[in-house]
Amino acid sequence: MAVQLIVSDLDGTLLDTHHRLHASTIKVLRLLAEQGHHIALASGRHYHDMRVFRDQLDIPIHLISTNGAYTHDPAGQLLNASYLEPDHAQTLIQLPRPPEVRLSLYRESGWHVDAPAPHLLSIHATTGFTYQVVPPEQMDATGVGKVLYLGDPAALAELESQAYQAHGQGLHITYSTSDALEIMAGGVNKGVALSALLEKLGLAAADCLAFGDNLNDIEMLNLAGEAQVMANAHPALFQRVTDARRIGHHSDAGVAQWLTKRFKL
């Protein structure tokens, strides 16, 4: 069988409901790596958050983090970084928002949040990744890979509208969940990062199998030769990725189950 690139989102896709890797997922990905296939993880998570899963798998893995803003090779070498224009980031930092909406910045070095938000740490409890509280007026608008707003969907919709009005094509705006509005520089998404990685590996898009569950996976799934969407996926994803296969639920190790059948493991 020809060598392929297998790329997967994490939360809601490869990870279970407790944000952990299934034992069967680890086994299957290790077998595929032994067969010579390339493995990549592509997530809205920060690189320092994602590398814990890379280390658990203990196989060569490329990491596409922060929704495509950063790509690291299996040795942890930074291959590509894309940042918001500083004036765009500054605008986003200063947008008026309800007090309960949290503002986060993902920088290469870490995660800044505008106020304490203990509930955010549960998602990252398995990796130990944590934030640093930085008041908005002290936030540095340079070197920002992603601006993330977390809160009520109605409030996020208003922030999305304001961001579009302010900088339009200079931004790439998406959602990782209904209460997580994610904004990168224009042209930055998982699909663009995946295309660059395929070129580096000498593979075509037809050689790529991709797995995802939410709106920030659209470009990646539409690029891949074989796109798989989880049973638990955002309903709009099936309309936006029309050639995708619907596979199992992330809580049942749906990716591992499908790969086992696909590669006859």
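The values are calculated or read from the model by the stated rules, or taken from the named source; none is laboratory data. All figures in this text were calculated on a predicted structure; none of them were measured in a lab. Note: ideal-geometry Cβ built from the backbone for every residue, glycine included; neighbour counts use all protein chains shown. With ligands, DNA and RNA removed, areas are computed over all heavy atoms of the protein, side chains included. Shrake-Rupley method; radii C 1.70, N 1.55, O 1.52, S 1.80 Å.
Remarks
- Each residue in region 61-97 was checked for being open to solvent by less than 10 Å² (accessible area, probe 1.4 Å), at negative phi and not polar (S, T, N, Q), and 9 of them qualify.
- Just so you know, in region 98-119 the residues that are surrounded by 15 or more Cβ atoms within 10 Å (Cβ to Cβ) and in contact with a helix residue (DSSP H, G or I) (Cβ under 6 Å, 6 or more places away or on another chain) include one that is nearest to Leu171 (Cα to Cα), and it is Tyr106.
- Residues that are small (Gly, Ala, Ser) and more than 17 Å from His62 (Cα to Cα), drawn from region 168-205: Gly168, Gly170, Ser176, Ser178, Ala180, Ala185, Gly186, Gly187
- Of the residues examined, Glu137 is not one that is assigned to a helix (DSSP H, G or I), under 19 Å from the mean Cα position of the chain (by Cα) and farther than 24 Å from Arg51 by Cα.
- Near pairs, Cβ below 6 angstrom, 6+ apart or cross-chain, from region 28-40 (within 15 Å of Ala2 (Cα to Cα)) to any residue that is part of a strand (DSSP E or B): Ala33/Ile39; His37/Ile6; His38/Leu5; Ile39/Ile6; Ile39/Ile61
- Positions within region 157-185 being surrounded by fewer than 21 Cβ atoms within 10 Å (Cβ to Cβ) and more than 16 Å from the chain's Cα centre (by Cα), in sequence order: Ala157, Glu158, Glu160, Ser161, Gln162, Tyr164, Gln165, Ala166, His167, Gly168, Gln169, Gly170
- Subset tally (residues that are surrounded by fewer than 22 Cβ atoms within 10 Å (Cβ to Cβ), farther than 23 Å from Leu31 by Cα and polar (S, T, N, Q)) for region 216-265: 4
- For region 134-153, a residue qualifies if it is more than 21 Å from Pro86 (Cβ to Cβ) and open to solvent by 70 Å² or more (accessible area, probe 1.4 Å), and exactly one does: Asp152.
- Of Gly191, Gly202, all but one fail to be over 20 Å from Asp16 (Cβ atoms), surrounded by fewer than 19 Cβ atoms within 10 Å (Cβ to Cβ) and not hydroxyl-bearing (Ser, Thr, Tyr); the exception is Gly202.
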